[in-house]
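Data first, discussion second: the structure below is written as structure tokens.
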Amino acid sequence: MEKFRLVTAAFAISLAALALALFTQLLTSSLPAVERFGLTFLFDTIWDPVMEVFGALPFVYGTLVTSLIALLIAVPLSIGAAVFLTQYVPTRTSYLLSFLIEIIAAIPSVVIGLWGIFVLIPFMRDPLGTFLVECLGFIPLFQGPVFGPSIMTGAIILAIMIIPIITSITKDAINTTPELQREGLVALGSTRWEVITKIILPYARPGIIGGVMLGLGRAVGETMAITMVIGNTPSIPASLLAPGDTLASVIANQFSEATSAIHTSALIELGLILFVITVVINICARLILRREVARE
Amino acid sequence: MSSEIEIEDLNAWFGEKHVLKDVSMEMEKNRITAIIGPSGCGKTTLIRCINRMHETVPEARVEGRILLNELDVYQEDPVSIRSRIGMVFQRPNPFPTMSVSENAVAGLKLRGTRDRSVLAEKAKEVLMAVGLWDEVRNELNKPGTSLSGGQQQRLCIARALAVEPEVILMDEPCSALDPVSTMRIEDLIYRLRENYTIIIVTHNMQQAARISDRTAFLYMGELIEYGPTKRLFEKPENELTERYISGRFG
């Protein structure tokens, strides 16, 4: 028994050590860039491998903005879908529809990227992009010209990719609502809408927040599909309809072509920043969940 | 105001399972009608058809007529029917996110009452009606779930009373409670009949005998016998009823 305990302890410790080793490796490999650029690396907006000027801000901006817009699109859609699937349709229909939604999560990222290139990008140029410019063009975020590959296109791709996760977790959370609570409100003479907003969604809230955080983690780290549609331009455009770039995309695009040591090191430092962002998101998710559970 | 209920040829199903078969009966106003029978006989389904809760379960189906003061329940909006026919469940189910007083007037809030003084007054009125006011007057802002089981069930009865229903359905309201709490709730039910029509499902025959005016015996989805409680328990006309109340099966 004692031996078994030691073996399992070894497993647990080695996993924790792996995470630490990963972090130290990232840290030491990015040291040349850290020493040369210091804090300006975080705030510089120019990324020019030829002149060896490296600033991370366009990529941090691209990562955060695409993920945030993806959430704005995906969260209402996912919650709506989950409510519909659990409250409004017969079990068999719900099962079939849920299966189709979950299939999206199984599509390889690169295949979604291909779809993005051949379907979404042309659709962004016309009609969606032109429509946004016509209706909302007075806001700088939606000013023309319309390119096709853009921050908005990337955000839409991300939204599609995180919808299955958020929908599925929200559905599970909704299904844990005690029947007795639901019936208590129904029997008082409440509409279905009141049951959903007053009992089901409040009860499912911690679960929904967990799902959203998982989706955000996925969006921030997603690489292939968004690389294929975002335009890969290291800039911070005023308009969401202009091309941009993300941390994950630029690493994937440039790593094999990086010839100078400082270029490689700068890319690894971008990886370090990405790592820190995802860790922060995870910690936030845990803190929020702990607070939610404590409220119960 | 209290109302009478008339059930005509009621049939109910869960999927393929036929759980109520051609049940016809009347429940008089200002009386307590008890429904007894062994587990699975359809007694809970019967009262859940009256406030149209049965149909909220997937695959459930109902046929037949139920009249509430000659108004066909199945021709009306279920939401408005449920506000005229209140329900108390097997286990107390106060809303955990609401305080004691919020729980008491939850139904009024649903109906759009926002005036705080009106709500507070109504909460006091119904909590007094169920004999809970003196016990909880200093705990009105605590969560409804912080009360004891018996208190929670009386809070749920108060919650049902607050929307001023005409009929109150009770589905084994004491089955999760200790004997003392059970006694208090039985006293309460007995007092409530002055103002409401009460239909109570129970598997406790002593309880039916103690508080009800009329008793219906259901077996395998069929209404076997229905009559004044005293007569039914002392001189059952049907052999099945006789065997059930004498404890030979169930």
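Sort through B:119, B:110, B:161 and tell me the only one that's in contact with an Asp or Glu (Cβ under 8 Å, 6 or more places away or on another chain) and crowded, with 18+ Cβ neighbours inside 10 Å. Outline the logic, then answer.
On the way: B:119 fails: in contact with an Asp or Glu (Cβ under 8 Å, 6 or more places away or on another chain); B:161 fails: in contact with an Asp or Glu (Cβ under 8 Å, 6 or more places away or on another chain).
The conditions single out B:110.
Please pick out the residue among B:116, B:52, B:48, B:111 that is more than 21 Å from residue B:222 (Cα to Cα) and within 11 Å of chain A (Cβ to nearest Cβ).
Values: B:116 fails: within 11 Å of chain A (Cβ to nearest Cβ); B:52 fails: more than 21 Å from residue B:222 (Cα to Cα); B:48 fails: more than 21 Å from residue B:222 (Cα to Cα).
So the residue among B:116, B:52, B:48, B:111 that is more than 21 Å from residue B:222 (Cα to Cα) and within 11 Å of chain A (Cβ to nearest Cβ) is B:111.
From the list A:70, A:74, A:81, exactly one residue is open to solvent by 20 Å² or more (accessible area, probe 1.4 Å), in contact (Cβ under 8 Å) with a residue 12 or more places away in the chain and among the small types (Gly, Ala, Ser). Which is it? First the steps, then the outcome.
On the way: A:70 fails: open to solvent by 20 Å² or more (accessible area, probe 1.4 Å); A:74 fails: open to solvent by 20 Å² or more (accessible area, probe 1.4 Å).
From the options A:70, A:74, A:81, the qualifying one is A:81.
Please go through the stretch B:205-224 and give me each residue that is polar (S, T, N, Q) and in contact (Cβ under 8 Å) with a residue 40 or more places away in the chain, ordered by number. Break it down into steps so the answer makes sense when it comes.
Of the stretch B:205-224, the ones polar (S, T, N, Q) are B:206-207, B:212, B:215.
B:207, B:212, B:215 - these are the residues of the stretch B:205-224 that are polar (S, T, N, Q) and in contact (Cβ under 8 Å) with a residue 40 or more places away in the chain.
What number of residues in the stretch B:84-107 are surrounded by fewer than 19 Cβ atoms within 10 Å (Cβ to Cβ), at the interface with chain A (Cβ under 9 Å from one of its Cβ atoms) and either without any contact (Cβ under 8 Å) to a residue 60 or more places away in the chain or in a helix (DSSP H, G or I) (or both)?
2
Check residue A:203 against each of (1) modelled with pLDDT under 90; (2) more than 14 Å from chain B (Cβ to nearest Cβ); (3) crowded, with 18+ Cβ neighbours inside 10 Å and name the one condition it does not meet.
(2)
Which of the following residues is in a helix (DSSP H, G or I) and either under 18 Å from residue A:232 (Cα atoms) or within 14 Å of chain B (Cβ to nearest Cβ) (or both): A:96, A:120, A:100?
Working: A:96 fails: either under 18 Å from residue A:232 (Cα atoms) or within 14 Å of chain B (Cβ to nearest Cβ) (or both); A:100 fails: either under 18 Å from residue A:232 (Cα atoms) or within 14 Å of chain B (Cβ to nearest Cβ) (or both).
Exactly one of A:96, A:120, A:100 is in a helix (DSSP H, G or I) and either under 18 Å from residue A:232 (Cα atoms) or within 14 Å of chain B (Cβ to nearest Cβ) (or both), namely A:120.
Can you name every residue in the stretch A:174-199 that is in contact (Cβ under 8 Å) with a residue 40 or more places away in the chain and away from chain B (no Cβ under 12 Å)?
Listed by number, the residues that qualify are A:174, A:175, A:196.
Report every pair of residues separated by at least 6 positions or lying on different chains whose Cβ atoms are under 6 Å apart, first residue within the stretch B:134-150 and open to solvent by 60 Å² or more (accessible area, probe 1.4 Å), second outside any helix (DSSP H, G or I).
Partner pairs satisfying both residue conditions: B:141/B:99; B:145/B:94; B:145/B:96.
Take the residues in the stretch B:164-203 that are open to solvent by 10 Å² or more (accessible area, probe 1.4 Å) and β-branched (Val, Ile, Thr); name whichever of them is farthest from residue B:85 (Cα to Cα).
In this case the residue turns out to be B:180.
Every residue, every condition in (1) open to solvent by less than 20 Å² (accessible area, probe 1.4 Å); (2) at pLDDT below 90; (3) in contact with a helix residue (DSSP H, G or I) (Cβ under 9 Å, 6 or more places away or on another chain), yes or no:
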| residue | (1), (2), (3) |
| --- | --- |
| A:195 | yes, no, yes |
| A:207 | no, yes, yes |
| A:211 | yes, no, yes |
| A:215 | yes, no, yes |
| A:219 | yes, no, yes |
| A:249 | yes, no, yes |
| A:271 | yes, no, yes |
| A:285 | yes, yes, yes |
| A:288 | no, yes, yes |
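Could you look through the stretch B:37-73, keep only residues that are at positive phi and open to solvent by 30 Å² or more (accessible area, probe 1.4 Å), and pick out the one that is modelled with the highest pLDDT?
To start, the set of residues in the stretch B:37-73 that are at positive phi comprises B:37, B:40, B:42, B:52, B:59, B:64, B:69-70.
Then drop every residue that is not open to solvent by 30 Å² or more (accessible area, probe 1.4 Å), which leaves B:40, B:59, B:64, B:69-70.
Working: B:40: 88, B:59: 85, B:64: 95, B:69: 91, B:70: 85.
By that ranking, first place goes to B:64.
If I ask for residues that are among the small types (Gly, Ala, Ser) and either without any contact (Cβ under 8 Å) to a residue 60 or more places away in the chain or within 21 Å of residue A:141 (Cα to Cα) (or both), which ones from the stretch A:220-245 would you list? Break it down into steps so the answer makes sense when it comes.
Restricting attention to the stretch A:220-245, the residues satisfying the condition of being among the small types (Gly, Ala, Ser) are A:221, A:225, A:231, A:235, A:238-239, A:242, A:244.
A:221, A:231, A:235, A:238, A:239, A:242, A:244 - these are the residues of the stretch A:220-245 that are among the small types (Gly, Ala, Ser) and either without any contact (Cβ under 8 Å) to a residue 60 or more places away in the chain or within 21 Å of residue A:141 (Cα to Cα) (or both).
Give the stretch A:221-238 a look and list any residue that's in a loop (DSSP other than H, G, I, E, B) and open to solvent by 10 Å² or more (accessible area, probe 1.4 Å), or say none. Give the steps one after another, and end with the answer.
Within the stretch A:221-238, the first condition is being in a loop (DSSP other than H, G, I, E, B), and the residues that meet it are A:222-223, A:230-238.
Listed by number, the residues that qualify are A:222, A:223, A:231, A:232, A:233, A:234, A:235, A:236, A:237, A:238.
For every residue, the table says whether it meets (1) modelled with pLDDT under 90; (2) part of a helix (DSSP H, G or I); (3) among the hydroxyl-bearing types (Ser, Thr, Tyr).
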| residue | (1), (2), (3) |
| --- | --- |
| B:134 | no, yes, no |
| B:176 | yes, no, no |
| B:186 | no, yes, no |
| B:194 | no, no, no |
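Which condition does residue B:240 not pass, out of (1) surrounded by 14 or more Cβ atoms within 10 Å (Cβ to Cβ); (2) over 13 Å from residue B:33 (Cβ atoms); (3) touching a helix residue (DSSP H, G or I) at 6+ places or on another chain (Cβ under 8 Å), if it passes all the others?
The single condition residue B:240 does not satisfy is (3).
What's the number of the condition residue B:141 fails, among (1) within 24 Å of residue B:48 (Cα to Cα); (2) away from chain A (no Cβ under 12 Å); (3) part of a loop (DSSP other than H, G, I, E, B)?
Only one criterion is unmet by residue B:141, namely (1).
The values are calculated or read from the model by the stated rules, or taken from the named source; none is laboratory data. None of the values given here were measured: they were computed from a predicted structure. Glycine gets a Cβ as well: all are built from the backbone with ideal geometry, and neighbour counts include every protein chain shown. Side chains are part of the model used for accessible areas, which takes the heavy atoms of the whole protein and leaves out ligands, DNA and RNA. Shrake-Rupley method; radii C 1.70, N 1.55, O 1.52, S 1.80 Å.
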